[in-house]
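Down below is the structure, laid out as structure tokens.
The values are calculated or read from the model by the stated rules, or taken from the named source; none is laboratory data. None of the values given here were measured: they were computed from a predicted structure. Cβ atoms come from the backbone with ideal geometry, glycine included; neighbour counts cover every protein chain shown.
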């Protein structure tokens, strides 16, 4: 039996354009970008359960987001200020957390990437505070990507041959690996590594 699709959410054209801008923004809080994705999928008629799976949230979260928009529009998507004492520590240390995160750890720490607990110990604050700021700005120091790709049409075949030597070397054969290329030293790169930035992971060239 084919399950009927939920009726598309009615979203004004101007709101659709604004929601698409939100999904492309690297400065908005992650929760707003998430809600924008939910509403765009709902406007396309995607069922709540499928939206939850695509966005990585619960079904009640999807329903609540739809209800927020129906009742108050885009203005209701932002969270209201919570009662109680404001998070002064987070506000005070946000700039310092960002500044330190976007630079590699000092050599004395013996590591190349920050973690929430390591940075928290370094700054003398809670690791939960560091994690909240990282989520807010989309920072993920543990991830790495690439920004340069090989144009060699035989790359896949060459990689297959090299990896095959390690996985299934010929009988009575010793496989040696020398990490060195012509014209550059083993630890050098054709282009420098792009360090982690707001909403962008560390990026290295493929070679």
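Some observations on this one:
- Listed by position, the helices (runs of 4 or more DSSP H) enclosed by region 1-66 include none that has at least 3 residues that are modelled with pLDDT of 90 or more and more than 30 Å from residue 134 (Cβ to Cβ).
- Set 111, 129: member being in contact with a helix residue (DSSP H, G or I) (Cβ under 9 Å, 6 or more places away or on another chain), closer than 22 Å to residue 192 by Cβ and not in a strand (DSSP E or B): 111
- Evaluating residue 89 against the criteria (1) over 30 Å from residue 203 (Cα atoms); (2) modelled with pLDDT of 85 or more leaves one unmet condition, (2).
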